[in-house]
């Protein structure tokens with residue numbers, strides 16, 4: 001996870017636009033991962049029937065989830081319609097609500113299992129069982145990176161790793177240079193964010209001579225091992241590390257922003273990394289994945305009222321600032337923002353481990369959940385799909401994860417059926433053998 005890892009992901013990129021099949025509006029993606037699972041009925045999918053049936057058994061058998069659940073648990077939060085589109089949004093997102101007309105909310109998402117690790121991998125790579133290339137890896141392999149001095153795929157997460165670790169940003173059978181590069185955003189000092197980026201002992205010319213020698217030695221070593229991808233990637237990583245010494249420090253240093261911009265995003269690591277993401281796409285980074293934090297911060301098994309209000313408060317200001325900031329800079333239409341968890345949460349109360357003792361929290365729910373998208377060719381002020389009257393299962397225009405991936409690729413000008421990589425005797429793609437573009441959310 002040192003400078004070699006940071007350098008690795010930006011190298012050996014193909015010609016920019018090599019994988020584009022038709023004109024796309026988006027050129028970069030910012031994926032905001034509310035890891036742990038945001039509750040749809042407490043955020044973007046209000047359910048009056050849930051309130052009317054509060055404390056009662058639902059009039060159908062509860063769907064299978066990870067843990068036992070009981071009676072209906074009404075949302076403790078008030079929903080209000082916002083913008084000209086009138087999209088109802090929960091009070092836990094007061095700042096983001098002002099951007100309602102920029103959002104396309106998909107209320108009918110669904111995954112396959114109520115497991116964090118598997119659902120995180122499914123959302124990131126299209127496969128919940130085996131480590132497959134992540135979405136950011138596919139994009140950088142297919143499209144190339146506009147900036148040869150920075151990694152094309154950057155992962156921002158404060159304080160450690162999410163559940164499942166690095167599997168969510170692996171390149172798998174794609175060349176190792178396309179894996180995500182993790183940066184711990186709990187640090188605010190650029191010198192600590194990217195440790196050892198500068199060599200205090202050698203001048204640039206001395207380093208150049210050193211790298212030239214290393215390249216010659218490694219090239220001689222590689223000549224006898226022509227198919228050794230890891231060695232080839234290592235050679236290239238040294239080159240990028242040398243070039244990054246100037247640009248990387250600038251890209252990650254949000255202290256260079258005017259004070260009013262820093263205040264616009266707000267304090268805290270979650271808001272800081274949203275500002276950092278804007279700087280990275282400005283510098284040509286193709287894919288930025290932002291995790292809310294280590295572990296699973298949105299996993300509100302207990303006391304949904306305080307837990308969800310707390311995590312939403314940590315990022316609400318920054319989410320709104322990211323949208324308006326990109327728009328004011330003329331970058332929103334070419335930057336696709338996707339904000340999601342790996343699944344949703346049950347509309348029923350979670351029971352204690354022994355089956356009793358309601359927790360006032362919600363269990364994992366992969367049957368139906370919400371996410372939102374903005375920018376990058378998205379039709380703002382849109383609501384697509386619906387869950388049942390209690391918010392448990394997607395029933396109208398269901399959107400599986402493969403359809404989401406197909407839509408993201410489409411907005412970038414990529415036909416998901418044609419972005420393939422031959423491995424182990426077959427052609428693989430991000431959407432496997434599935435996927436349909438959700439045209440209703442496209443402008």
Test: residue in the range 9-22 that is in contact with a strand residue (DSSP E or B) (Cβ under 7 Å, 6 or more places away or on another chain) and at pLDDT below 95
yes
Subset of the range 126-140 (residues that are over 17 Å from residue 404 (Cα atoms) and surrounded by fewer than 24 Cβ atoms within 10 Å (Cβ to Cβ))
129, 130, 131
Tell me, yes or no, whether the range 255-264 has at least one residue that is over 30 Å from residue 200 (Cα atoms), touching a residue at least 60 places away in the same chain (Cβ under 8 Å) and in contact with a helix residue (DSSP H, G or I) (Cβ under 8 Å, 6 or more places away or on another chain).
yes
Residue 58 vs (1) crowded, with 20+ Cβ neighbours inside 10 Å; (2) modelled with pLDDT of 95 or more: all pass except (2)
Condition check: at pLDDT 95 or above, closer than 28 Å to residue 188 by Cα and in contact with a helix residue (DSSP H, G or I) (Cβ under 8 Å, 6 or more places away or on another chain). Does residue 134 satisfy that?
yes
Residues to consider are 340, 370; find the one that is closer than 30 Å to residue 22 by Cβ, surrounded by fewer than 24 Cβ atoms within 10 Å (Cβ to Cβ) and in contact with a helix residue (DSSP H, G or I) (Cβ under 9 Å, 6 or more places away or on another chain).
340
Just to verify a result, which residue in the range 284-333, among those that are in contact with a helix residue (DSSP H, G or I) (Cβ under 8 Å, 6 or more places away or on another chain) and farther than 27 Å from residue 169 by Cα, is surrounded by the fewest Cβ atoms within 10 Å (Cβ to Cβ)?
329
Go through (1) over 14 Å from residue 170 (Cα atoms); (2) surrounded by 19 or more Cβ atoms within 10 Å (Cβ to Cβ) and name the single condition residue 148 misses.
(2)
Confirm whether residue 440 is in a helix (DSSP H, G or I), surrounded by fewer than 17 Cβ atoms within 10 Å (Cβ to Cβ) and touching a residue at least 12 places away in the same chain (Cβ under 8 Å).
yes
Exclusive hit being touching a strand residue (DSSP E or B) at 6+ places or on another chain (Cβ under 6 Å), free of Cβ contacts under 8 Å to residues at least 60 places away in the same chain and within 24 Å of residue 144 (Cα to Cα), set 359, 420
420
Within the range 197-216, the residues that are surrounded by 12 or more Cβ atoms within 10 Å (Cβ to Cβ) and in a loop (DSSP other than H, G, I, E, B) are 197, 198, 199, 202
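Results for (1) over 24 Å from the mean Cα position of the chain (by Cα); (2) more than 26 Å from residue 349 (Cβ to Cβ); (3) part of a loop (DSSP other than H, G, I, E, B), shown as yes or no for each residue.
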site: 35; (1), (2), (3): no, no, yes
site: 51; (1), (2), (3): yes, no, no
site: 56; (1), (2), (3): yes, no, yes
site: 75; (1), (2), (3): yes, no, yes
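The values are calculated or read from the model by the stated rules, or taken from the named source; none is laboratory data. All values reported here derive from a predicted model rather than from experimental measurement. Ideal geometry is used to build each Cβ from the backbone, glycine not excepted, and the neighbour counts take in all protein chains shown.
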